[in-house]
Amino acid sequence: MPGVLRIRHAPSSASFGFAHPQLAPKQSWAVVTDQNLPLQVNEDSGTFLVTVEGLSLELAASTGTWTLRDTHGRELVRCESVSGESHPNMPLSHHRSRLALNAPPGEAYLGFGEKVGALDKRGMRFTFWNTDVMPHHPDTDPLYISIPFCLGLREGVAWGFFLDEPWRSEVDVAYGEPDRVRWESWGPELDVYLFAGPHPADVVRRYVTLTGRPPLPPLWSLGAQQSRWGYETADDIRGVIQAYRTRGLPLDVVYLDIDYLDAFKVWTWDRTRFPDPQGLTREAASAGVRVVPIINPNVKAQESYPIYEEAKEQDFLVRADSGDVLLGEVWARPAVFPDFTREEVRYWWGDLHQEFLEQGIAGFWNDMNEPACFELLEAGGSVSAMGGRMEEAKRREGKTLPYAARHGKRRHVEVHNVYGMAMTQAAFEGFRRHAPQRRPFLLTRAGYAGIQRYAAAWTGDNSSHWEHLELSMPMLMGLGLSGVAFTGVDIPGFIGRPSAELFARWTQLGTFYPLMRNHAAKPMPFQEPWRFGPQHLELAKAALERRYRLLPTLYSLMHEAAENGLPVLRPLMMLDPADTEALQAFDQFLFGRDLMVAPITKPGQTKRMVYLPKGQWLEWPNMERPCSVKEGGQHIIADGPLNTIPTWLRAGGALALTKPALHTTTANWPYLEWHIHVGPDVRARLYEDEGDGYGESRLSLITGSFDRGRFTLERRVQGKLAPVRQQETLYLYGLKGVRSVTGALELGAWKDGVLEIPMGVDWDRLVVNV
Ligand code: GLC
């Protein structure tokens, strides 16, 4: 691809080089494109110079080391050593493959998927090994998702690095040695992709082109979601929906946690507690609510349970080193594990979604798919006589399967990190086969590079701590930079006892998560919006309504992600990659390109320090009352009383809002407002369609410029979907006075520095003279 180079290093076999004949073709779980450009290769006494559009690589064949440069000849990154070894062992061969990159002073490293820490991970170490940790803390590593991808950024120039090895791997980001980034895989080779910038957005775009774009989710999945482990009966679910509706609270989704299952058997219903699944989904639908059940990958090993019998009969299960079907415990005891790494198993699993889809189930929540395994159980006793080998055969890391478990010819240590993604792939493909007219909605806990192709991700079992509220920002931004745009965290924390204040603050912040879900663990207090007293209920209601106002923009951002992989939640440095202050700002973010959000992250606080990147910013708390315009490139103290989340609109920024609603209906918005902060260069896009399915759409592209007292806005529309609204309203901020307006239905009202202009829906040009 343009701007992307792949190098396969095979250090332990000493087969260095970019296309060594001994390297067998490899199936990647992450990479979806086979767009290979002709490389230009020049050899000069053992040094190869490889060039592709945007990049050049100088490679020393004797050592496997290389230097990557951009088209200006600027050194982006240098590989200083490649090493490794392989030791045959019983039952597993042990490999170590390593490479070290130079880490020049001042270079920042971002991304790495789902990781803790600030945005810049320099000075940290991470392991890539999908892990179920309950509870996790602000410094827990590894977590559930492994994406060995990072973005380097120095003096405003970005480049990218992706280690396409699902094997257990590690990275030391200038921690052990301040001037080295060391990667190590437990596999026999290092399959590396290098990406050109120069802008961080270019790197992300290229990475997502390589690993797959996320599909546009259904609009309803962007609405408010309520969940709890411990809604034990269908009546509990009805009660939740009713409680939302009687209080006039927006809601689109309720989840069913493991409580709905019959004795923890996947693809069953406990018919005493959930006697009529179809009736339940129908009733929920009549209140505008979708039902999404949890699906765990483990299958209860119980004679005459058809899913188990079928999987066993067809040899679809992961085996222990001994060759017996591996037995463990995950809720169900004993449980077995379908081997999703095989296509026929994925197909079978995909088909299991059909009955649930026919029962009116709207989407699926794939949990415990690292895979989690609380305990390993003896399989038939056949390994017991083998002494040392037995120890080795059972060796595992975290609550999961042993390294040596068998997936056909592969061992678990090789495919562990793709297990969860392969499960969501099965779900996605099954969904497409059995409900082809609907867009799949899947939520996953585990994943590998490319997970964005199938599912939204949430960050697992967080806690009701202020630190976790704060951590959610860099964590979701890190995931976003690693290609995963559709993300959220449990609001207001899965484990613990949230205070009313934490609940309110987290719900305010959650308004901006691409996935907004309130979820709680079973023994914890209930934490639906009405559990914290009337004042906080009102605060939550306002936040939920704000979410629904924001949907035209959020939906358009999801569409943008589906087109070019850019995340919804973006670090401030995306505006100005050379701004080192912006890079440090981990607890505030851009929602898209134009809106900046800086939530209060500490108890009792009503003010906070905020960094405004260069440019001008309209202080616009709650996206309601426009306040003053502030000059950027400085820190300011922002006001955030309990009912307010501080937000700003960038000069040149535009945001489309609609009216709050109890639930979503269509993304062909019947009511629409544009809020535009007049600046020299306005660029905005609004994507509209029916909100689900694959019908017609309409994309409005708005550009604006301000020049010598004249502000001109132009709109181009693509697509065939006919609008349903008659008019829309433009709110223009930042104008110092208005002499005349042409192109509008009426002159509009000028009040408190805001020009409000009603426009016919098919407007294509507006001129404001000031
Ligand atoms: C795991 C999930 C959590 C879920 C629980 C019970 O801990 O992360 O969200 O509620 O299992 O299914």
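The values are calculated or read from the model by the stated rules, or taken from the named source; none is laboratory data. Please read these numbers as outputs of a predicted model, since none were measured by experiment. Virtual Cβ from ideal backbone geometry, glycine too; neighbours counted across all protein chains shown. The protein model used for the area step is the full one, side chains on, heavy atoms only, and it has no ligands, DNA or RNA in it. Shrake-Rupley method; radii C 1.70, N 1.55, O 1.52, S 1.80 Å.
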Of the residues that make up the stretch 188-210, is at least one among the polar types (S, T, N, Q), open to solvent by less than 30 Å² (accessible area, probe 1.4 Å) and away from the ligand (no atom under 16 Å from the Cβ)? no
If Asp141 meets every condition in (1) open to solvent by 10 Å² or more (accessible area, probe 1.4 Å); (2) in a strand (DSSP E or B) apart from one, which number is that one? (2)
Tell me which of these Trp750 doesn't satisfy, since it passes every other one: (1) touching a Ser or Thr at 6+ places or on another chain (Cβ under 9 Å); (2) open to solvent by 80 Å² or more (accessible area, probe 1.4 Å). (1)
Name the one entry in Glu309, Glu414 that is surrounded by fewer than 21 Cβ atoms within 10 Å (Cβ to Cβ) and either more than 16 Å from the ligand (Cβ to nearest atom) or under 32 Å from the mean Cα position of the chain (by Cα) (or both). Glu309
If Leu471 passes every condition in (1) assigned to a loop (DSSP other than H, G, I, E, B); (2) touching a Pro at 6+ places or on another chain (Cβ under 6 Å) but one, which one does it miss? (1)
Go over the candidates Leu721, Leu735 one by one and state the one that is over 30 Å from Lys630 (Cα atoms) and surrounded by 16 or more Cβ atoms within 10 Å (Cβ to Cβ). Leu721
Gly533 passes all but one of the listed conditions (1) modelled with pLDDT of 95 or more; (2) touching a Gly at 6+ places or on another chain (Cβ under 9 Å); (3) open to solvent by 10 Å² or more (accessible area, probe 1.4 Å); the exception is number (2)
Looking for whichever is free of Cβ contacts under 8 Å to residues at least 60 places away in the same chain, in a loop (DSSP other than H, G, I, E, B), open to solvent by 10 Å² or more (accessible area, probe 1.4 Å) and more than 14 Å from the ligand (Cβ to nearest atom) here; the options are Arg497, Arg432, Arg438. Which one fits? Arg497
Neighbours by Cβ (under 8 Å, 6+ apart or cross-chain): first from the stretch 446-461, open to solvent by less than 10 Å² (accessible area, probe 1.4 Å); second away from the ligand (no atom under 16 Å from the Cβ) and of a type in the set (Lys, Arg): Gln452/Arg213
Criterion first (farther than 30 Å from Met475 by Cβ, among the aliphatic types (A, V, I, L, M) and surrounded by fewer than 18 Cβ atoms within 10 Å (Cβ to Cβ)) does Ala24 satisfy it? yes
For the structure I just gave you, tell me whether Leu476 is more than 16 Å from the ligand (Cβ to nearest atom) and open to solvent by less than 10 Å² (accessible area, probe 1.4 Å). yes
So if I check each of Ala435, Ala457, Ala500, which one is over 12 Å from the mean Cα position of the chain (by Cα), farther than 24 Å from Leu642 by Cβ and among the hydrophobic types (A, V, I, L, M, F, W, C)? Ala435
Per-region count, the stretch 355-370, residues in a loop (DSSP other than H, G, I, E, B) and either over 17 Å from Ala285 (Cβ atoms) or of a type in the set (Gly, Ala, Ser) (or both): 7
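Just the residues that are in a loop (DSSP other than H, G, I, E, B), away from the ligand (no atom under 16 Å from the Cβ) and open to solvent by 10 Å² or more (accessible area, probe 1.4 Å), please, taken from the stretch 322-338.
Passing the criteria: Ser322, Gly323, Asp324.
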Boolean, Arg517 is open to solvent by less than 10 Å² (accessible area, probe 1.4 Å), more than 16 Å from the ligand (Cβ to nearest atom) and either aromatic (Phe, Trp, Tyr) or out of contact with any Phe, Trp or Tyr (no Cβ under 6 Å at 6 or more places or on another chain) (or both): no
Does Leu280 fit the bill of being touching a Lys or Arg at 6+ places or on another chain (Cβ under 7 Å), away from the ligand (no atom under 15 Å from the Cβ) and open to solvent by less than 10 Å² (accessible area, probe 1.4 Å)? no
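Quick one: which of Arg625, Arg698 is open to solvent by 20 Å² or more (accessible area, probe 1.4 Å) and not hydroxyl-bearing (Ser, Thr, Tyr)?
One residue alone meets the criteria, Arg625.
Got a sec? Which strands (runs of 3 or more DSSP E) wholly within the stretch 1-115 have at least 3 residues that are under 30 Å from Val415 (Cα atoms) and touching a Ser or Thr at 6+ places or on another chain (Cβ under 7 Å)?
In the stretch 1-115, 75-87, 94-102 are the strands (runs of 3 or more DSSP E) which contain 3 or more residues that are under 30 Å from Val415 (Cα atoms) and touching a Ser or Thr at 6+ places or on another chain (Cβ under 7 Å).
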Every residue in the stretch 339-354 that is closer than 16 Å to Gly408 by Cβ and either in a helix (DSSP H, G or I) or touching a strand residue (DSSP E or B) at 6+ places or on another chain (Cβ under 6 Å) (or both), please. Asp339, Thr341, Glu343, Glu344, Val345, Arg346, Tyr347, Trp348, Trp349
Residue that is farthest from Pro198 (Cα to Cα) [pool: residues in the stretch 1-55 that are at pLDDT 80 or above and of a type in the set (Phe, Trp, Tyr)]: Trp29
Take the residues of the stretch 362-378 that are away from the ligand (no atom under 13 Å from the Cβ) and charged (D, E, K, R): which is farthest from the chain's Cα centre (by Cα)? Glu378
Could you go through the stretch 385-403 and let me know if any residue there is of a type in the set (Ser, Thr, Tyr) and either without any contact (Cβ under 8 Å) to a residue 40 or more places away in the chain or in contact with a Pro (Cβ under 8 Å, 6 or more places away or on another chain) (or both). yes
